[in-house]
Structure formats: structure tokens, C-alpha cells
Amino acid sequence: MAKNGFKILDSDMHIMEPPDLWERYIDQKFKARAPRGVTSSNVRDLRMVYPDGRDWARTTTRQNDSARGHNFERNQNVYRADAARGWTPEVQLDAMDIEGIDVAVLYPTRGLRALVVPDMDADFAAAIARAYNDWLYDFCKKQPQRLIGAGMISPYDMNDAVAEARRCAEELGFRAVFLRANPLMQHQWHDSYYEPLWHALEDPNLALGFHESTGTGKQQIGERLEPNLMLRRVYAQPMEQMLALGSFCAGGVLARHPRLRVAFLEANCSWLPWLLWRLDEGWEREGDIWAPDVKVAPSEYFKRQCAVSAEPDEATVTHVIEYTGGKNVVFSTDYPHGDSKYPKAVDHFLNLPISETNKKNILWDNCAAYYAM
């Protein structure tokens, strides 16, 4: 396709799951417990409910349509036709054509909220993940060269997580799996609890994408800002991603797993130079006691094994490129989420004051390397 001469790989495009996904795809023994998506006058209603209609794992204050902010009507107008067509694979491909996207790696919308019920039953959580992945596989079959899946894995049992990651790679042909950035277990990402999963992701060369969601989560930083959704949206995703990045780069995960590739998605990137500087400073001061596995500066592990996504209009990405050399930044449209710049996301990015070489790297090369395409 090559828009303006650039091939484009969207590192983090989203689908809108059908309301009855889990009712149709989940294992029979869990059908009576399967969550259902909500549809309403809001063409992008992201809520889920239990079979009896109770809200599913909701922690944010529900607001009526009149309180949705300046972007609400804009999103209604931009996405109404896509919603009317059912958010099908054809809708996804048409949106990619409008933006000039050659290939997209697909992450969930409702699915980001699927595994955040407090004290979730591990078997049920694993069944929800398997059902989502089976549906996503069918979705991508429309054009598997352009639609690439990022699989859901449950953190509630590492045997389940490892088995599903391997199935995503070997049977479903996915290029990545994703986790929420805020740990849903009482284990930080650098704890030994997760070691079997990190090992498993190295073997089939699957990438790991961390992705947060504003509205739900267990002990998420954003909860401290309730009921101010504006402030929660500002802080929740980037700060949870910053904490996860610290676990991987300074907590020893990447030092122990040199073939693991990790991306921190949809949380801006302009905070990265400061955070890496801060992690390096902490390691120089106290790493011999608290990070014995970390043999080089945490920023070096990031540059070797990580990626971070830039918003299409994130002008301060220039500082990130200068600090990292530009090889660790990837591009995302974030379609069809409310803060996406669709249908002009690529145009916004192409207008940023960065070199043609860096545009090429960010729009395709860096992302292709991260997903091993």
C-alpha cells in the first residue's frame, strides 16, 4: 500500500468484540457464567455484564452520555457506520485502507477488561482467554497476511498461561500475547511466579505486549483518582506501564531472559527518557543489593529487548528518538478507541518533525523486528 512512500505496520490496532463472543466460543461447562458485551446508543459501549445483568468488574463511576466530554459526539460520528456494520473483519480492513495500514496486530477492547474480576477462578479465566483467542483466529482468517492476532493469556495459573501461549504460537499463528500492565495477582512482574511464562515466550519467539485499560483493574493507580475520569485517563495507563517496565529492565526479567521481547503499548512514550535515566541511577546506587541479576544499566536492556508506542501526534517523541536512537519506538493508530486520531492518525504522524529515516523505522522496521515478521 505504501502511503506517501511508507509501508505501515500498526503495532496496536483494536477490534470491537461482538457482544456474544464468550457465549458462542467459551467451553460448554462455563457457558452459564460467560460475560456479555453491552450495546447502547453509545456506538462504542465497552461495558460487559454478568449473565444476570450486573456490571462486570467495573471500578470507574458510570456516567451518562451528557457527561462524556468533548470527544463523545466526535466518536459517535466517526464510528457510527462501523458499528452499524458490526465491526466485522471487512470493517477492520476498510479502516486499515482508509489510514493506509498494510498490516495490523490486533488487540482487544472489551477483552482488556475480561480478566480483572477480583479473586477470579483460574479455570474460568483460562476458558475466557481460550474463547477470545479462538474467536480472534476466526476473525483474522479473512486476510491473515494483514490481520495478525495478539493472544490473551490468563495470569491466574502459570500452567494455563504457558499452555495458551504455546497454542497461540503453534496452532493459531499469532505473533504476540498480551497482559494487562497492572499485575492482577499478588506478584510483581519480576517475581519468580511468572518465570515459567517468560521461558515459554522465548521458545516460540512470541512477543509480549503490555496493554493497560483506564476503566478497570485490580489495585490500579487510577482508582486513587476516582471519580475524576479525566485524571484517571491521564495517569492510569502510563504509570502502570512505567511500573511494569521497571520490573523488566531493573527487576531482572530481561537479564534472565535475553530473547524475550516486550512492548509497552498505548501509554505514550515521552516519559521514557526520564524513567530510564532514573532506573539507571537507582541501579548504580543500589543495584548490587536489590538487582543482582542486572549486569548492565537497565536502559541497555530496554534498548536491546523493548519497544514503546508513540501516539500519532506525540510531538515530544523527538526526545525519545534522541535518547534511544529511534530503534525502540513503534506506531499505533489505536483504532477504534476514543482517543484515536482515526481516520487521520497516519497523517498526524507524518506531520511530526522527525526525519524520513525515523518515520520509516517507526512505521514499519521497528515494529516488524519486535513482532519478528
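The values are calculated or read from the model by the stated rules, or taken from the named source; none is laboratory data. Bear in mind the structure is a predicted one, so any value in this text is a computation, not a measurement. Cβ: placed from backbone, ideal geometry, glycine included. Neighbour counts: every protein chain shown. Heavy atoms of the whole protein, side chains included, go into the accessibility calculation; ligands, DNA and RNA do not. Shrake-Rupley method; radii C 1.70, N 1.55, O 1.52, S 1.80 Å.
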Between Ala57, Pro343, Val294, whose Cα lies farthest towards the positive end of the dipole of the chain when Lys and Arg beta carbons carry +1 and Asp and Glu beta carbons carry -1, centred on the Cα centre?
Pro343
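Note down the magnitude of the dipole of the chain about its Cα centre, charges +1 on Lys and Arg C-beta and -1 on Asp and Glu C-beta and zero elsewhere, to the nearest 20 debye.
540
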Packing-based ranking, highest mean first, of 316-322, 103-109, 286-292 given that Cβ atoms within 10 Å are counted
103-109, 316-322, 286-292
Once amide H atoms are placed 1.01 Å from N in the peptide plane, what residues at a sequence separation of 5 or more from Val330, or on another chain, have their amide H within under 5 Å of its amide H?
Val308, Ser309, Ala310
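Distances over 41 Å make up what percent of all Cα-Cα pairs in the chain?
Within the chain, distances greater than 41 Å cover 7 percent of Cα pairs.
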Where does the Debye-calculated log10 I(q)/I(0) of the stretch 183-263 sit at q = 0.13, 0.16, 0.21 Å⁻¹, using only Cα point scatterers of equal weight, no solvent?
-0.45, -0.65, -0.95
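Could you tell me what percent of the accessible area of the stretch 274-335 is made up of carbon and sulfur, with a 1.4 Å probe and every protein chain present?
Percent of accessible area from carbon and sulfur atoms in the stretch 274-335: 54.
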Computed FRET efficiency, Cβ-Cβ of Arg224 and Asp339, R0 22 Å: what is it to the nearest 0.05?
0.55
Once you place label points 7 Å from the Cα toward the Cβ at Arg74 and Asp347, how far apart are they in nm?
1.3
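Ignoring ligands, DNA and RNA, what percent of the accessible area of the stretch 159-270 is carbon or sulfur (1.4 Å)?
Accessible surface attributable to carbon and sulfur in the stretch 159-270 totals 51 percent.
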Please work out the average accessible area per residue across the chain, using the 1.4 Å probe convention, and give it in Å².
41
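Let me know the longest stretch in the chain that avoids all trypsin sites (Lys or Arg not before Pro) found in a DSSP loop with at most 13 other C-beta atoms within 10 Å.
Details: sites that count: Arg54, Arg62, Arg85, Lys141, Lys142, Arg259, Lys295.
Between the exposed loop sites, the longest stretch runs 143-258.
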In percent, how large is the relative contact order of the stretch 1-46, given Cα pairs closer than 8 Å and 6 or more residues apart?
27
In Å, the Kirkwood hydrodynamic radius of the stretch 226-299 over pairs of distinct alpha carbons?
13.3
How are the alpha carbon pair distances in the stretch 252-373 distributed across 10 Å bins from zero to the largest one, expressed in percent?
13, 42, 30, 13, 2
Give me the net charge for the shell around Asp313: Cβ to Cβ below 12 angstrom, other residues only, Lys and Arg +1, Asp and Glu -1.
-3
Can you give me the solvent accessible area of Asp157 with a 1.4 Å probe, rounded to the nearest 10 Å²?
50
Could I get the Rg over Rh figure for the stretch 1-45? Both from C-alpha atoms, Rh via Kirkwood, rounded to two places.
1.25
